[in-house]
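Asks: To start, I am sharing the structure in question, which I have written as structure tokens.
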Amino acid sequence: MTAPTLLILAAGIASRYAGTKWDDPVGPNGESLMEYSIFDARRAGFGRIVFVIRKEREQFFRELLAQHFGHRLSLEFVIQDNHRIPNGFSIPADRKRPWGTTHAVLGAAGTLHEPFAIINVDDFYGAQSFCSLAEHLRSGSDDQVVIGFVLRNTLSDFGPVARAICEMDDSNHLRRIIELKNIEMDGGHVRNTDVAGAELLLTGNETVSMNMWGFTPAVFAPLREHFLRFLETHHDDPTAECFLPNTVNNMIQENQVRVKVLPSREEWFGLTYREEHPRAVDHIRRLVGDGHYPRRLWPHATSIPS
């Protein structure tokens, strides 16, 4: 069976982080969170690595990854182009933001003919998460899949975060997934505040998606359909983005897909705010010290673990 592919979304704008998150060193030899994800994915049996990037970052990414991996890893790149949308839609002249994660995934459709996983470039998901994804994607199941994390373990001490809350049925399939944009700790409570100022109290034990998905190529047709619907409403909005959790939720409500939730025992962490960087460094240091990762991810060998 063909090995699944890893699709890394790296075209977003890090508006709350001072600097570039995708190459910020967290490992003992300057490794980034992205490198730990690639290392874990390769150990779990993923084959190709495909990046979705913006055109203005292409040379930077190619040079950066050549420095990190040399010729030891075959990497492919897809450009998320704001102007690459279906005919019949105009683009606001002041549009600077990408069209969102749904558009990013659709941009890679021409290169993906096998089951594939999706991750963010700046998050740490843990080895077990990649193993669970790879096992599902190799199983031949028609179910799409999302890795679920515990909400309280994904919050930041330094400000609000966006999280996608998963509601499951008795068989652990998604009934719906809701993107909340402004979740934060408030003393011993967790709350979300919407744009109108209304508050929603949460327990902190909710299952959330951190944009770690597993799809078959069959997902592209309904993804395209729902992105077209998004454009019909939002094509003239210079800031609107079509987020993957919202799109998947719409597909679920219309019975176009079934999405299995695979709970992860791993401790997720990421780099939303600059102040989180020391915590990430400490996490990696402990994992290396406990033997989960080698001190140097990419030794001077001709290949990496597979």
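Asks: Yes or no: Gly197 loosely packed, with under 13 Cβ neighbours inside 10 Å and not in a helix (DSSP H, G or I)? Quick ask: steps written out before the conclusion?
Replies: Values: loosely packed, with under 13 Cβ neighbours inside 10 Å: yes; not in a helix (DSSP H, G or I): yes.
Against the criterion (loosely packed, with under 13 Cβ neighbours inside 10 Å and not in a helix (DSSP H, G or I)), Gly197 qualifies.
Asks: Now for a different question. Are any residues in segment 69-113 in contact with a Pro (Cβ under 8 Å, 6 or more places away or on another chain) and either modelled with pLDDT under 75 or aromatic (Phe, Trp, Tyr) (or both), and if so, which ones?
Replies: Asn82
Asks: Do you know which of the residues in segment 277-303 that are in a loop (DSSP other than H, G, I, E, B) and surrounded by 16 or more Cβ atoms within 10 Å (Cβ to Cβ) is modelled with the lowest pLDDT?
Replies: Here the residue is Trp298.
Asks: Something else about it: When you look at Ile147, is it surrounded by fewer than 19 Cβ atoms within 10 Å (Cβ to Cβ), among the aliphatic types (A, V, I, L, M) and either over 19 Å from Val259 (Cα atoms) or modelled with pLDDT of 80 or more (or both), yes or no?
Replies: When the stated conditions are applied, Ile147 does not pass them.
Asks: Just to be sure I understand the filter: pairs with C-beta atoms under 7 Å, separated by 6 or more residues or on different chains, first member in segment 76-90 and under 13 Å from Val105 (Cα atoms), second member polar (S, T, N, Q) and surrounded by 11 or more Cβ atoms within 10 Å (Cβ to Cβ). Which pairs pass?
Replies: So the pair list comes out as Val78/Thr111.
Asks: Taking Ala240 as the residue in question, decide whether it is not aromatic (Phe, Trp, Tyr) and not in a helix (DSSP H, G or I).
Replies: Details: not aromatic (Phe, Trp, Tyr): yes; not in a helix (DSSP H, G or I): yes.
It is true that Ala240 is not aromatic (Phe, Trp, Tyr) and not in a helix (DSSP H, G or I).
Asks: Does segment 139-146 contain any residue that is part of a loop (DSSP other than H, G, I, E, B), within 12 Å of Glu266 (Cβ to Cβ) and in contact with a helix residue (DSSP H, G or I) (Cβ under 9 Å, 6 or more places away or on another chain)?
Replies: Looking for residues that are part of a loop (DSSP other than H, G, I, E, B), within 12 Å of Glu266 (Cβ to Cβ) and in contact with a helix residue (DSSP H, G or I) (Cβ under 9 Å, 6 or more places away or on another chain), one finds none in segment 139-146, hence no.
Asks: Further, regarding this structure: State all residues of segment 255-276 that are crowded, with 21+ Cβ neighbours inside 10 Å and out of contact with any strand residue (DSSP E or B) (no Cβ under 7 Å at 6 or more places or on another chain); if no residue qualifies, say none.
Replies: Within segment 255-276, Leu271 is the sole residue that qualifies.
Asks: Does Arg95 qualify as being buried (at least 16 other Cβ atoms within 10 Å of the Cβ), over 18 Å from Val121 (Cβ atoms) and of a type in the set (Lys, Arg)?
Replies: Yes; evaluated as a whole, the condition is true for this residue.
Asks: Here's a follow-up. In segment 108-144, which residues are among the aromatic types (Phe, Trp, Tyr) and either touching a strand residue (DSSP E or B) at 6+ places or on another chain (Cβ under 7 Å) or without any contact (Cβ under 8 Å) to a residue 24 or more places away in the chain (or both)?
Replies: Residues satisfying the conditions are Phe116, Phe124, Tyr125.
Asks: If you check Gly204, Gly188, Gly197, which single one turns out to be modelled with pLDDT under 95 and touching a strand residue (DSSP E or B) at 6+ places or on another chain (Cβ under 8 Å)?
Replies: The unique qualifying residue is Gly204.
Asks: Still on this structure: Can you tell me which residues in segment 248-276 are part of a helix (DSSP H, G or I), closer than 19 Å to Arg163 by Cβ and at pLDDT 90 or above?
Replies: Here is the first cut: in segment 248-276, the residues part of a helix (DSSP H, G or I) are 248-253, 274-276.
When the remaining residues are screened for being closer than 19 Å to Arg163 by Cβ, the result is 248-250, 252, 275-276.
Correct list: Val248, Asn249, Asn250, Ile252.
Asks: Quick one: would you say Ile252 is crowded, with 16+ Cβ neighbours inside 10 Å, touching a residue at least 40 places away in the same chain (Cβ under 8 Å) and more than 17 Å from the chain's Cα centre (by Cα)?
Replies: When the stated conditions are applied, Ile252 passes them.
The values are calculated or read from the model by the stated rules, or taken from the named source; none is laboratory data. Just so it is clear, the structure is predicted and the values come from calculations on it, not from any experiment. For neighbour counting, all protein chains shown are included, and Cβ atoms are generated from backbone atoms with ideal geometry for every residue, glycine included.
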